[in-house]
Amino acid sequence: MFARAGHRACSLALRRPFVGLLGPKGLPNLTSFQRSGLLIRALPKTFSLRQLSTTPAPITPASPQLAPLVTHTWIDRLPVKLRPYLLLARVDKPIGTMLLLWPCTWSITMASYVTQVSFPKDDPKKPVHLTATMGYKAGMTHIVRDLERPGSKMHKREVVEAVSIIETPPLMVVGVVGYVETPRGLRTLTTVWAEHLSNELKRRFYKNWYRSKKKAFTRYAKKAAESGGKSTQRELERIKKYCTVVRVLAHTQIGKTGLKQKKAHLMEIQVNGGSIADKVAFAHGLFEKPIDVSSVFEQDEVVDVIAVTRGHGFEGVTARWGTKKLPRKTHKGLRKVACIGAWHPSKVMFSVARAGQNGYHHRTELNKKIYRIGLGSDAANARTDADATDKVITPLGGFPHYGIVKNDYLMLKGSIPGTKKRVITIRKSLMVHTSRRDLEKVQLKFIDTSSKFGHGAFQTKAEKAAFLGTLKKKDQA
């Protein structure tokens with residue numbers, strides 16, 4: 001029925017009243033169709049897609065010969081190596097473009113890059129400060145505290161809560177980036193790098209550090225040294241004059257942790273507060289200096305956590321989306337979706353649960369309260385008023401699959417995305433918090449440091465030795 005209607009509409013379009021709409025060789029004159037304002041849906045079925053385009057084109061005088069229709073897009077102006085990846089972003093397919101951000105794709109990088117992180121809104125009335133830092137997930141434990149919530153039945157009663165431990169070695173600031181506002185968003189004006197950069201940062205710019213010549217930034221440092229710092233000052237003055245957003249380039253000192261990786265993680269951190277000149281002076285003053293986590297965040301502050309979740313590989317719809325299992329006698333499997341859509345539209349909608357990649361997604365979790373900022377140099381960084389002896393945050397035997405926490409750490413309420421050893425971005429909250437839960441002052445009564453690998457209940461090695469006495473293996477030694 002629909003095919004007959006299509007042929008009938010096409011035959012009507014090609015009769016005498018519409019002869020002027022046809023160009024040479026019997027092909028449709030698109031210019032005439034645009035001027036006439038007609039919309040004939042049957043033409044794409046009659047003529048090939050190469051000869052007919054639904055995209056409007058500028059009106060041009062008719063030529064005696066019909067030139068081939070070649071559509072140039074913004075992708076054609078990019079390097080050849082990037083085109084296969086950017087062709088995924090089909091502008092003429094809104095659903096296909098949206099699927100690039102669908103929560104089913106791999107994260108491109110382990111650490112958060114510039115376009116993946118939003119920063120809090122700038123307030124010039126506040127003092128100049130950084131808005132984020134990075135650390136490495138060590139593991140989880142639990143704490144005991146008295147709840148301070150007047151009017152609640154749990155007020156002044158003990159609660160047990162799970163907490164996550166993030167080791168945060170000092171960040172090293174190595175550069176500053178200036179952005180200007182455009183109608184299409186922020187655009188980088190210039191980047192100023194420090195004169196001396198560590199090898200763990202330079203490794204980030206090489207795929208194979210062992211076989212490379214290790215000459216990254218040598219010309220940049222030589223130019224800055226020959227000019228006596230004038231080239232650096234000239235770029236900083238440009239940032240002060242033209243830019244509206246200032247961000248510092250900082251990398252982690254992964255060598256201070258117990259991880260085997262030698263390549264540092266690099267990210268941009270926005271500088272908020274004060275004027276643009278104050279921001280630039282603040283950022284330039286931090287060059288080649290470490291930044292402790294205690295200088296960015298405070299006790300009882302509510303923060304956001306950004307990380308790549310734990311990957312689970314290719315999984316089915318039941319594990320991936322939690323769909324209901326089908327009855328026992330279902331043909332060809334139970335862990336499936338029974339109906340994946342109607343006959344028409346004759347396609348599978350993007351909203352239908354399908355099998356695919358599960359996990360290893362870039363995610364942001366909001367409103368994580370800081371319960372404690374511990375110092376790595378403190379031998380009692382896990383002690384509370386209820387403890388009789390000093391103890392550190394590392395449990396007996398170390399955190400499973402991580403080891404010993406050697407540096408400053410953040411204790412956050414609840415769980416955070418990612419596996420052990422994964423880099424975590426901690427950002428100041430985007431929202432203004434006024435609830436009692438967020439403004440509550442936390443006073444810890446107990447932090448559990450028993451073994452996380454077995455069923456031990458001893459908090460320290462000294463406590464274990466005092467209870468069990470001398471072990472047999474020590475007597476033999």
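For the list (1) modelled with pLDDT under 95; (2) farther than 22 Å from ALA132 by Cα, I need the number of the one condition that ASP438 fails.
Only one criterion is unmet by ASP438, namely (2).
Just name the residue that is surrounded by the most Cβ atoms within 10 Å (Cβ to Cβ) out of those in the range 364-393 that are polar (S, T, N, Q) and free of Cβ contacts under 8 Å to residues at least 60 places away in the same chain.
At the first step, the residues of the range 364-393 found to be polar (S, T, N, Q) are 364, 367, 377, 381, 384, 389.
Filter once more, keeping what is free of Cβ contacts under 8 Å to residues at least 60 places away in the same chain: 377, 381.
Details: SER377: 9, ASN381: 21.
The selected residue is ASN381.
Out of ALA281, ALA338, ALA264, report the one residue that is closer than 26 Å to THR109 by Cα, among the small types (Gly, Ala, Ser) and not in a strand (DSSP E or B). Walk me through how you get there before you give the answer.
Working: ALA281 fails: closer than 26 Å to THR109 by Cα; ALA338 fails: closer than 26 Å to THR109 by Cα.
Among ALA281, ALA338, ALA264, only ALA264 is closer than 26 Å to THR109 by Cα, among the small types (Gly, Ala, Ser) and not in a strand (DSSP E or B).
For the range 288-296, does any single residue satisfy the condition of being in contact with a helix residue (DSSP H, G or I) (Cβ under 8 Å, 6 or more places away or on another chain) and of a type outside the set (D, E, K, R)?
Filtering the range 288-296 down to residues in contact with a helix residue (DSSP H, G or I) (Cβ under 8 Å, 6 or more places away or on another chain) leaves none.
No.
State which residue is farthest from ILE426 (Cα to Cα) when the search covers only the range 140-188 and only residues that are under 20 Å from the mean Cα position of the chain (by Cα) and among the small types (Gly, Ala, Ser).
This residue is GLY185.
To keep it simple, each residue is scored yes or no on (1) closer than 26 Å to VAL405 by Cβ; (2) in contact with a Leu (Cβ under 7 Å, 6 or more places away or on another chain); (3) of a type in the set (Asp, Glu).
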| site | (1), (2), (3) |
| --- | --- |
| LYS421 | yes, yes, no |
| LEU430 | no, no, no |
| SER435 | no, no, no |
| LEU439 | no, no, no |
| VAL442 | yes, no, no |
| GLY454 | yes, no, no |
| PHE467 | yes, no, no |
| LYS472 | no, no, no |
| GLN476 | no, no, no |
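Out of the range 264-290, which residues are surrounded by fewer than 18 Cβ atoms within 10 Å (Cβ to Cβ) and within 30 Å of ALA138 (Cα to Cα)?
Hits for the range 264-290 are GLU288, LYS289, PRO290.
Mind counting the residues in the range 340-389 that are modelled with pLDDT of 90 or more and either on the phi > 0 side of the Ramachandran plot or of a type in the set (Gly, Ala, Ser) (or both)?
The initial filter retains those residues of the range 340-389 that are modelled with pLDDT of 90 or more, namely 340-349, 352-384.
Now narrow it down to the ones that are either on the phi > 0 side of the Ramachandran plot or of a type in the set (Gly, Ala, Ser) (or both): 341-342, 346, 353, 355-356, 359-360, 367, 374, 376-377, 379-380, 382.
Total satisfying the criteria: 15.
Could you tell me how many of the residues in the range 125-144 are surrounded by fewer than 19 Cβ atoms within 10 Å (Cβ to Cβ) and of a type in the set (Lys, Arg)?
Number of matching residues: 2.
Mind checking which residues of the range 164-176 are more than 22 Å from LYS289 (Cβ to Cβ) and surrounded by fewer than 24 Cβ atoms within 10 Å (Cβ to Cβ)? Spell out the reasoning first.
Taking the range 164-176 and keeping what is more than 22 Å from LYS289 (Cβ to Cβ), we get 164-165.
Hit for the range 164-176 is SER164, nothing else.
From the list ALA216, ALA132, which residue is within 15 Å of HIS251 (Cβ to Cβ), without any contact (Cβ under 8 Å) to a residue 40 or more places away in the chain and of a type in the set (A, V, I, L, M, F, W, C)? Can you show your working first?
Details: ALA132 fails: without any contact (Cβ under 8 Å) to a residue 40 or more places away in the chain.
Answer to the check: ALA216.
Condition (residue is part of a strand (DSSP E or B) and within 30 Å of PRO127 (Cβ to Cβ)) applied to the range 314-331: is it met by at least one residue?
Kept after step one, since they are part of a strand (DSSP E or B), are these residues of the range 314-331: 314-315.
Now drop any that are not within 30 Å of PRO127 (Cβ to Cβ), which leaves none.
No: the range 314-331 contains no residue that is part of a strand (DSSP E or B) and within 30 Å of PRO127 (Cβ to Cβ).
Conditions (1) within 30 Å of THR434 (Cβ to Cβ); (2) of a type in the set (Val, Ile, Thr); (3) over 27 Å from the mean Cα position of the chain (by Cα), marked per residue:
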| residue | (1), (2), (3) |
| --- | --- |
| LEU286 | no, no, no |
| PRO327 | no, no, yes |
| VAL337 | no, yes, yes |
| TRP343 | no, no, yes |
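For the range 286-301, indicate whether the set of residues that are under 23 Å from PHE205 (Cα atoms), touching a residue at least 24 places away in the same chain (Cβ under 8 Å) and outside any loop (DSSP other than H, G, I, E, B) is non-empty.
Yes: one or more hits.
Counting just the residues of the range 196-242 that are among the aliphatic types (A, V, I, L, M) and in a loop (DSSP other than H, G, I, E, B), which one comes out nearest to ALA283 (Cα to Cα)?
Here is the first cut: in the range 196-242, the ones among the aliphatic types (A, V, I, L, M) are 197, 201, 216, 221, 224-225, 236, 239.
Next cut, in a loop (DSSP other than H, G, I, E, B) only: 197, 216.
Numbers: LEU197: 16, ALA216: 22 Å.
The residue in question is LEU197.
For the range 104-192, which fully contained strands (runs of 3 or more DSSP E) count at least 1 residues that are basic (Lys, Arg) and not assigned by TED's automatic domain parsing to the domain that holds TYR409?
Details: elements: 132-146, 158-167, 171-182.
Here the list is empty.
The values are calculated or read from the model by the stated rules, or taken from the named source; none is laboratory data. Worth saying up front: this structure is predicted, and the values here are computed from it rather than measured. So basically every Cβ, Gly included, is an ideal-geometry build from the backbone, and we count neighbours across all protein chains shown.
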